[in-house]
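Input: a single structure, listed below in structure tokens.
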Amino acid sequence: MMEEYEVNISVPQPDQQSDVIKITGQVTNVDQAKLGLLERVKELQAEQEDRALRSYKITLSVPPKFHPKIIGRKGAVISQIRKDHDVNVQFPDKGDELQDVIVISGYERNAEEARVAIEQLVAELEEMVSGDVQLDHRVHARIIGARGKAIRKLMDEFKVDIRFPQPGSDDPDRVTVTGLPENVDNAIDHLLNLEEEYMLTVTESETMAAYMKPPSRSAGGGLGGGDEDSKGAAKGFVVRDAPWNAPGNKAPDMSSAEDFPTFGTGVAPKQTSAWGPKKF
């Protein structure tokens, strides 16, 4: 300001507790500097008053179990409240004695509106219920989707929270849905429909996998089936219900001329040389 108006401005030290500021210089410059200084004082007073107005505080008692829901995933819910009402909302730290106190600070009107918004949210949370539904664990991954994208979309659509069992759970099929009663019912119905749809794919995949699976070696089926003992125990082909198996009958003698007359001793074929027939 001294450079702007080409004057010298002397401000008293804090320990002097004086409100007198001296301005020295040419008369016209001093008059302009005085006006500029008074304008700056008005701005500072307005800023001070604004800070006082913005420091209006409201304390709100909310059960700690609801705090995570008010904060929201990655702070999304409370960030929206702060943005909508231009306020600051402070939650108690873990070491604080009063764990249920939330402090809202800002302009009085804005703080009151933020308080109403939080109280409405708490009222909805108090009405929320939880419902369990049995969903075959084989379809959980399909419902959750890649990186949880599908399940987040479903939770946003029905305004519910959906929790799946942890690995090694005693009840791997149990899924818990939390929200307003009507929303929970609608979400569970939708989950059951998804299970029915996805189970068709799971069943088809398992059936195809079983069909394509090679037979066990111990079953003895196919080429190379069975072990060495089963090969040694093989007895060849057996003809069942043959005439000679009837009581009182016996199997025909293939070398008997009586049983097979035309099979009698025949004329031995002529011997031929390996070099062809002999010439006479």
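The values are calculated or read from the model by the stated rules, or taken from the named source; none is laboratory data. Since we're looking at a predicted model, the values are computed, not measured. Every residue, glycine as well, gets a Cβ built from its backbone with ideal geometry; the counts of neighbours run over all protein chains shown.
Here are the numbers for this structure:
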quantity	calculated
Residue within segment 166-177 that is outside any helix (DSSP H, G or I) and either in contact with a Phe, Trp or Tyr (Cβ under 7 Å, 6 or more places away or on another chain) or outside the structural domain of Met199 (by TED's automatic domain parsing) (or both) present	yes
Count of segment 31-61 residues which are in a helix (DSSP H, G or I) and touching a residue at least 24 places away in the same chain (Cβ under 8 Å)	7
Any hit, segment 53-76, residues being exposed (fewer than 10 other Cβ atoms within 10 Å of the Cβ) and touching a strand residue (DSSP E or B) at 6+ places or on another chain (Cβ under 9 Å)	yes
Check on Leu200, within 20 Å of the chain's Cα centre (by Cα) and either part of a helix (DSSP H, G or I) or not assigned by TED's automatic domain parsing to the domain that holds Gly72 (or both)	no
Filtered residue count, segment 1-20, keeping only those that are of a type in the set (Val, Ile, Thr) and touching a helix residue (DSSP H, G or I) at 6+ places or on another chain (Cβ under 7 Å)	2
Number of the condition not met by Val89 [criteria: (1) under 13 Å from Val62 (Cβ atoms); (2) over 30 Å from the mean Cα position of the chain (by Cα); (3) among the β-branched types (Val, Ile, Thr)]	(2)
Top-ranked residue of segment 73-97 - restricted to ones that are among the hydrophobic types (A, V, I, L, M, F, W, C) and touching a helix residue (DSSP H, G or I) at 6+ places or on another chain (Cβ under 8 Å), ranked as farthest from Glu113 (Cα to Cα)	Phe91
Matching entry among Ser10, Ser61 (being at pLDDT 85 or above, among the polar types (S, T, N, Q) and within 30 Å of Leu121 (Cα to Cα))	Ser61
Condition check for Ile118: surrounded by 13 or more Cβ atoms within 10 Å (Cβ to Cβ), closer than 30 Å to Asp189 by Cβ and of a type outside the set (Gly, Ala, Ser)	no
Wholly enclosed strands (runs of 3 or more DSSP E) of segment 62-155 bearing at least 3 residues under 30 Å from Glu197 (Cβ atoms)	129-134
Check on Lys153, surrounded by fewer than 16 Cβ atoms within 10 Å (Cβ to Cβ), charged (D, E, K, R) and in contact with a Leu (Cβ under 9 Å, 6 or more places away or on another chain)	no
Residue in segment 79-90 that is modelled with pLDDT under 95, on the phi < 0 side of the Ramachandran plot and surrounded by fewer than 15 Cβ atoms within 10 Å (Cβ to Cβ) present	no
